[in-house]
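Enquirer: The structure is given below, and queries will be raised subsequently.
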Amino acid sequence: MSNMAREILAFILTTSGWVLVSSTLPTDYWKVSSIDGTVITTATFWSNLWKTCVTDSTGVSNCKDFPSMLALDGYIQVCRGLMIAAVCLGFFASIFALIGMKCTKIGGPDQTKARIVCLSGITFMCTGLCSLSACSLYAHRITSEFFDPMFVAQKYELGAALFIGWAGSTLCILGGALFCLSLSDGMSSNNSPYPSDRRAFVNSGASLMSRAMPQSQSSHTRRPPPEYSGTSKHFDKNAYV
């Protein structure tokens, strides 16, 4: 796979992952629980990072926002901070990727663009790690309360937002790793003893050969045989007597 194709694939993966991570922030179902009747579900309780709600069997929802940020549980505050940081880091990483990719005309020479793309890959990996940590922390709290026999309050299960966040985090980490490989390719191409452009190499070699050809031809040309301007003398047999 060429370097440009790998960068395009990494950009698709990371952008898709960032969109998924961003969509989990306002998603309702981070944790969900239901009360079942004999025939139908009588009520569904669900909660996210911003509010807690209950939906009855008729589809009417009653929500209550968290009253105070300072009065929240610590894990909700940490998850909020990590998800907001993931969204911001993904935004700046997308800008770095557009500047550093080889298919764009901005960013400077190839070595500089490779460094910018590597920075974008590291930022995308930080995005995935932040989102992964937030979703895992929230899921750990849900599972610990669910399997705790001493916990008597309403027990919840994992919501759809957590699985979306895990999927987006995985895509961001994989795409960021592919972006980081561009740095090694860019440095190896610049440190190669041969020029990267073969046409320039061929043209330079042809120009050197064209300059050397007249000298070599002049050195290997044969000298013409000497011409004797004097008339040849004819001697007869009496000349030796």
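Derivation of every value follows stated rules applied to the coordinates shown; laboratory data play no part. All of these numbers come straight from a predicted model, not from anything done at the bench. Positions of Cβ are generated from backbone atoms using ideal geometry, with glycine treated the same way; all protein chains shown enter the neighbour counts.
Enquirer: For the residue pair ASP148 and ARG80, what label-to-label distance in nm results when each label sits 7 Å from Cα along the Cα-to-beta-carbon direction?
Expert: 2.1 nm
Enquirer: So, one more: Based on Cα positions only, what radius of gyration and what Dmax would you give for segment 147-186, in angstroms?
Expert: 18.8, 59
Enquirer: Can you tell me what percent of all Cα-Cα pairs in segment 30-106 are more than 14 Å apart?
Expert: Values: 2141 of 2926 pairs.
More than 14 Å apart: 73 percent of the Cα pairs in segment 30-106.
Enquirer: Over segment 64-181, what is the mean sequence separation of C-alpha contacts under 8 Å (at least six apart), divided by residue count, expressed as relative contact order in percent?
Expert: Rounded, it is 30 percent for segment 64-181.
Enquirer: Let me ask something additional. Kindly provide the pair-distance distribution of segment 1-144 built from C-alpha pairs, with 10 Å bins from 0 and whole-percent values in order of increasing distance.
Expert: Percent of pairs per bin, in order: 11, 31, 24, 18, 11, 5, 1.
Enquirer: Treating only the Cβ of Lys, Arg, Asp and Glu as charged (+1, +1, -1, -1), what charge dipole size does segment 1-131 show about its Cα centre? Round to the nearest 20 debye.
Expert: It comes to approximately 580 debye.
Enquirer: Give me the net charge for the shell around THR27: Cβ to Cβ below 14 angstrom, other residues only, Lys and Arg +1, Asp and Glu -1.
Expert: Combined, the nearby Lys, Arg, Asp and Glu give +2.
Enquirer: What is the extension gain from LYS105 to SER34, computed as 0.36 nm multiplied by their sequence separation minus the C-alpha to C-alpha distance, in nm to one decimal?
Expert: 20.1 nm
Enquirer: Determine, from the Cβ-Cβ distance of HIS140 and SER184 and an R0 of 35 Å, the FRET efficiency 1/(1 + (r/R0)^6), rounded to the nearest 0.05.
Expert: 0.45
Enquirer: For labels at THR42 and THR112 in the simple 7 Å Cα→Cβ model, what's the distance in nm?
Expert: Label-label distance for THR42 and THR112, simple model: 6.9 nm.
Enquirer: What's the FRET efficiency of ALA160 with ARG6 using the Cβ-Cβ distance as r and R₀ = 35 Å, to the nearest 0.05?
Expert: 0.65
Enquirer: For a protection proxy built on the mean count of beta-carbon atoms within 10 angstrom, sort 167-178, 66-77 highest first, please. It would help to have the intermediate numbers written out before the result.
Expert: On the way: 167-178: 22.7, 66-77: 11.0.
Going from most to least packed, we get 167-178, 66-77.
Enquirer: May I pose another question? Please compute the net charge surrounding LEU49, taking Lys and Arg as +1 and Asp and Glu as -1 over other residues with Cβ under 15 Å from its Cβ.
Expert: On the way: positive: LYS31, LYS51, LYS64, ARG80, ARG141; negative: ASP28, ASP65, ASP73.
Computed value for this residue: +2.
Enquirer: Which loop chymotrypsin sites (Phe, Trp or Tyr not before Pro) in segment 113-169, with loop taken from DSSP, have no more than 13 other Cβ atoms within 10 angstrom of their Cβ?
Expert: For chymotrypsin sites (Phe, Trp or Tyr not before Pro) across segment 113-169 that sit outside H, G, I, E and B with at most 13 neighbouring Cβ atoms in 10 Å, the list reads PHE147, PHE151.
Enquirer: Can you pull out the trypsin sites (Lys or Arg not before Pro) in segment 43-148 that DSSP calls coil and that have at most 13 other Cβ atoms within 10 Å? Kindly include the intermediate steps, with their values, before the conclusion.
Expert: Numbers: sites: LYS51, LYS64, ARG80, LYS102, LYS105, LYS113, ARG115, ARG141; in loops: LYS102, LYS105.
Answer by residue number: LYS105.
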